[in-house]
Amino acid sequence: MANLQVFMQTKWRSMVKRNKSESNRDITYNQLNISKENLKKTIKFEVSYQMSKILTILKQVFQHEKQDNWYNRIKGFSTDLCEKLEGLLKKQQLINLEFLQESRQTIILKAYSKKLQQNVALKVSNYLKGSLEPLKREYDIIKGIKDATNIVKIYDFIYFEKYLISVLVMEYCEMSLYEEMELYKQLNKWYSQDDITSIIIQISHALSQIHCYKIIHADIKPQNILKTKDGRYKLCDFGISKRLSLDSSNTKDINGLTFKYSSPEQYKHFENQDQLLSCKTDIFSIGLVFLELLKFPLNESNAKKIRENNYQELKSLGYLQNSGIFKILRQKLFKEDPSNRISSYELIYSLVGELQFSEKNLNQLLSIVRSIKKQETFDNSRHIQFISNLKLYYSLLEVFIFNKLSKSFISQLSYPPKNQEENYVQNSCQQQEDLNLTTNISIDKSDSQSKCPEQIINDSKNINYKKQLPTKYHFIADALSNCSLMCEQLGKFNKAILLRGNAIKNYQKAYSYSCVDIAKQQQQLCWNYYQLKDYYKSIQYGLKSIDMYRYLQKQEKNQFIAECYRQLAWSYQQINKRYLGLESAQKALSIYILIHGEKPHKDIAYTLNTLGYIHSGVKNYSKELEYKLQSLEMFQQLYPKTSHPSIAAQLNNVGVAYFNSQLLDKSLMYYQQSLQMKKSIYGKAHPEIISTLKNMQEIYKILNQSQNIEQIEKEISNINIIMQKQQEDDSILEYVHFQQIERLSLDFSEQFHQIE
């Protein structure tokens, strides 16, 4: 009998634990401890006290199990409606329903999906409560996110119109970050430094995943961060989120907030509905979540004081006051003015110097970095400027990772085969060209002479060409090269040259791939110096690259040699050696046609534009127009029904050709199309936009349209102000966070600062 009592007590405790989230539970185990006197009064037959206690427990367990149907625990739906819903869900192959939680707007159930063969969570809403639209918006927002490793998956959205019910079928997670933190508090334990680093990495990545789609979450809090069975943390609940349009950076159209985690502007918006909100509001909220991970006892009172920049109460928390992470949160995340906060792509980079990294966490971060590198930069569903910055900062993190990882760990990492590496460089060249097609783009070339890595190049032919297994130098060099590519896409050509110089240094130490990697860097330096209008240096590196490719690969008909010829043509044009420019462009076109055939290809399209540009130099404007129109047509075939940087740039170039032919109406039409597409791609401020505006201004001067001239001058001035502000805020200059990185990979940092 004693064993039976122990068994029943154990069963009861486990049942209570399973249902601990139920707020309206009427019975607890302690309530079953009735006194002996009361027991004697209620029981009509004689049994021992222990036996009566066991019978009472059995009775209560039976009653609770009887009431444990999921719909008996829901207040918002009638029993009849719940029974009908259960039948409808069964037809959708969703069975074994269990109650999880209920809010004012929705009910969360656990179910088993026969279709997916796994457990799922069901977010159920009644139309009458006005919750259909938020759930439909949540479904549309999450389904549009690609590569969402740290976002809760959405599998389906089901309407039951007859019963006015909608169901969101989502990934099932074990618990929320809030529940986990509460559990740790009860157990009088907390996360290790390794755990905190892992959580910060994952949440930061989740935020950057949605921000690259210009999605404002607007409700970041531990309750909306879920933990999967395998320990991954994921962002959920996009019920009040908002996806901004391509030409917008803020909105007023967000209703709802959680006071404790709201930013200053979100709190003001709640009070008067007239405050603009941007993605930076999530930065403030995530900072408060990070504070809680540091074991700060956050409540509505001290959260309000943080919003008001009042940190007096923190003086008693010495361990937090002296925390490097907390100082960064104050300086970069808790700024009252959202424009002074960092962006989500900078989060991990800003904190990396203060986080503690194990090899496991470094590998976790490396996996995230590599997944981002694979993403297409010119994806019209994403914010191109954001994802370019994301790739830049995460490539810098890759340099940090490979300097921290052990040699034995690095030796186990996969290195891309030669053919994959070549494809990657070809794609890189395409993306580089996409941003630099526009004729006569204006780039500041200040101090470019002091940054030439020529002394590095001169020794490259003396290197032993024996192929070796990849070392950390290979990986660091690749990361630096990728950083350089991202700097080019962002118009930071001075920085790109410095990064390429250090990539070459690391390739020299690695002796990789018979120095083909160094030849590739020279090829891209040729284009960098062209953008800085240092045309002689551009020609110098282009010719060096061709010589090295010929030496290494013993052939002329090579993709990279064609690329060098095409880039050389632009520089020859600028120094009035047009016959050499035309010859180089024709050589490039011949090689590309041999490689790709007559079918449309981006390389052929770029070269056709180059030929048009060369013909404009000799005032053969009919040939210029012919080649540039062919190029535009080919780009439109390659990227149909979409906005693409190549098309936007080529529209501008066709406008230039019509301008040279004195067909001003046609020219202005193409400029306007180009400008509209560039703004949709790059946002409000980018050198490419200025280039087209200046071209339009030339037409208005000829037409004596002073009002349009003034309007364009004002717009260019505003863009320059924004770009200057971006330059000042550019935390790539803050290499204090990279003090752990060895000088061998970033030994240009002092020179880097001098340039700025």
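Just want the ordering: F475, F386, from fewest to most Cβ atoms lying within 10 Å of their own Cβ.
Values: F475 23, F386 19.
Result, fewest neighbours first: F386, F475.
Computed about the Cα centre, the dipole magnitude for the stretch 72-171 is approximately 60 debye when only Lys and Arg (+1) and Asp and Glu (-1) carry charge, each at its Cβ.
Could you tell me which of rounded, prolate or oblate describes the stretch 200-326, using a ≥ b ≥ c as the square roots of the eigenvalues of the alpha-carbon gyration tensor, with rounded for a/c under 1.5 and, failing that, prolate when a/b is larger than b/c and oblate otherwise? Walk me through the intermediate numbers first.
Values: a/c = 2.05, a/b = 1.24, b/c = 1.65.
Verdict is oblate for the stretch 200-326.
Exceedance of the 22 Å cut-off in Cα-Cα distance is limited, within the set K221/K280; K234/K360; K110/K189; K533/K599; K227/K295; K214/K404, to K110/K189; K533/K599; K214/K404. When the Cα convex hull of the stretch 636-711 is projected onto planes of every orientation, the mean area is 5.1 nm².
Which pairs break 27 Å Cα to Cα here: K335/K472; K143/K495; K146/K391; K304/K391; K520/K641? With Cα atoms farther than 27 Å apart: K335/K472; K143/K495; K304/K391; K520/K641.
Projecting the Cα atoms of I216, T228, I201 onto the dipole axis of the stretch 176-356, where Lys and Arg carry +1 and Asp and Glu carry -1 at the beta carbon, places I201 farthest toward the positive end.
Exposure proxy check: K678, K533 ranked by fewest other beta carbons within 10 Å?
Details: K678 25, K533 17.
Ranked by crowding around the Cβ, least crowded first: K533, K678.
About the Cα centre of the stretch 481-544, how large is the charge dipole given +1 on each Lys and Arg Cβ and -1 on each Asp and Glu Cβ? Please answer in debye to the nearest 20.
Details: 9 positive and 3 negative charges, 26 e Å.
Roughly 120 debye, rounded to the nearest 20.
The fraction of all Cα pairs in the stretch 72-171 landing in successive 10 Å bins from 0 to the largest distance is 15, 51, 30, 4, 0, given as whole percents.
Order of T258, T281, T642 from fewest to most other C-beta atoms within 10 Å? Numbers along the way, then the final one.
Working: T258 17, T281 28, T642 12.
So the ranking, lowest neighbour count to highest, is T642, T258, T281.
Every number in this text was worked out from the coordinates using simple rules, so none of it is lab data. Predicted model only: the values in this text are computed from it and were never measured. In this analysis, Cβ positions are derived from the backbone assuming ideal geometry, glycine residues included, and neighbour counts consider all displayed protein chains.
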